[in-house]
Amino acid sequence: MPLPKAELHLHIEGTLEPDLAFELAARNGVKLPYADTDELREAYRFEDLQSFLDLYYELMAVLRTERDFEDLADAYLARAATQGVRHAEIFFDPQAHLARGLDMGTVVEGLWRALGRSEENHGISTKLIMCFLRDESADSALETLDAARPYLDRITGIGLDSAEVGHPPVKFREVYEAAAALGLRRVAHAGEEGPPEYIAEALDLLGVERVDHGLRCMEDPALVERLVRERIPLTLCPLSNVRLRAVDTLADHPLPAMLDAGLLCTVNSDDPAYFGGYAEDNFRAVRESLGLTEERLRELARNSFLASFLEDDEERRARYLAEVDAYAF
Ligand code: HPA
Ligand code: ZN
């Protein structure tokens, strides 16, 4: 059994495996511009975040019904369970679906059909985090938050994803304030392709409690010091960083330096169907390429539970941490 862990940076749409994409396309009468799964896999030659996002949004066309979202989430949870995931805080991108004519209920209720049964079916507790697309307008984000109001009992927090450069956190100040007033937790992607200034801005102007990626903080020692001092968790995604060329190779990944600096790092899979690995695959990859010790891996697993939004169930968090502490490599 792999090391028990929480997954905190996982886009549910990024778990759409080619097989399921074709199955849903057939079920819904959607024609994909690829002959088969091999040809689709060949399209996975990403050069940067944008070339990935183009394909990621294109393939979402196969998701049409509640059952599609349920099947997508259920397939992810089944795989995650084999990778030692005990708790998952799952991102979804409603704007990408609303723009295709679906409604918020189809997306949230569909996902919930799988998440609501995840503990009994897969042994994984879950939370849902609604992301805003930062390359859409601030007004669109506000409208999306409004559309989510009937479903807030299902949604723990908000996030910010999609094309980062040119879309600084400040653009979303108002919607983050509104979400905070509704009692929602706040995270945001920052410092993946964007500069370290976006990380500081996300903390200062959006009040984020966790930074997704945050890789480029390493360019600013004063920022690193602040992140350490304030115990701000970073949700790193090593295989994603290689595929989207944030780092040249896994051996060049700054994770060991980040841990040495005292940063509260976690390891996650981001969009596993696209980037070649689920949670434990990422753990295994950093272990092999970066020579992390077992104690470092245990620290990463502990961090994942410490950084998760389990304040509503501290008993559960303590149980998960005890599982990590008792784990024999
Ligand atoms: N970064 C930004 N947006 C995204 C990502 C990512 O890694 N995955 C899905 N949307
Ligand atoms: Zn991401």
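The values are calculated or read from the model by the stated rules, or taken from the named source; none is laboratory data. On a predicted model such as this, the values are computed, not experimentally measured, just so you know. Backbone-built Cβ (ideal geometry, glycine too); neighbour counts: all protein chains shown. In case anyone asks, the SASA skips ligands and DNA or RNA and just uses the protein heavy atoms, side chains included. Shrake-Rupley method; radii C 1.70, N 1.55, O 1.52, S 1.80 Å.
Structure data summary
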read-out	value
Residues (open to solvent by 10 Å² or more (accessible area, probe 1.4 Å), within 16 Å of ligand 1 (Cβ to nearest atom) and assigned to a helix (DSSP H, G or I)) located in the range 175-200	TYR198
Condition check for ARG79: open to solvent by 10 Å² or more (accessible area, probe 1.4 Å) and over 25 Å from GLU280 (Cα atoms)	no
Residue match in the range 25-47 (condition: under 18 Å from the mean Cα position of the chain (by Cα) and surrounded by 15 or more Cβ atoms within 10 Å (Cβ to Cβ))	no
Flag if SER162 is open to solvent by less than 50 Å² (accessible area, probe 1.4 Å), within 12 Å of ligand 1 (Cβ to nearest atom) and among the polar types (S, T, N, Q)	yes
Failed criterion for GLU311 (all others in (1) surrounded by fewer than 22 Cβ atoms within 10 Å (Cβ to Cβ); (2) assigned to a helix (DSSP H, G or I); (3) free of Cβ contacts under 8 Å to residues at least 60 places away in the same chain hold)	(2)
Checklist (1) more than 16 Å from ligand 2 (Cβ to nearest atom); (2) assigned to a loop (DSSP other than H, G, I, E, B); (3) more than 18 Å from ARG210 (Cα to Cα) applied to GLY262, failing item	(3)
Residues (open to solvent by 10 Å² or more (accessible area, probe 1.4 Å), under 17 Å from ALA148 (Cα atoms) and either among the hydroxyl-bearing types (Ser, Thr, Tyr) or in a loop (DSSP other than H, G, I, E, B) (or both)) located in the range 92-123	ALA99, ARG100, GLY101, LEU102, ASP103, THR106
Residue among LEU40, LEU49 that is among the hydrophobic types (A, V, I, L, M, F, W, C) and under 30 Å from HIS87 (Cα atoms)	LEU49
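For (1) away from ligand 2 (no atom under 16 Å from the Cβ); (2) touching a strand residue (DSSP E or B) at 6+ places or on another chain (Cβ under 6 Å); (3) among the aliphatic types (A, V, I, L, M); (4) more than 23 Å from ASN303 (Cα to Cα), each residue gets a yes or a no:
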site: ALA73; (1), (2), (3), (4): yes, no, yes, yes
site: THR82; (1), (2), (3), (4): yes, no, no, no
site: GLY101; (1), (2), (3), (4): yes, no, no, yes
site: GLU119; (1), (2), (3), (4): yes, yes, no, no
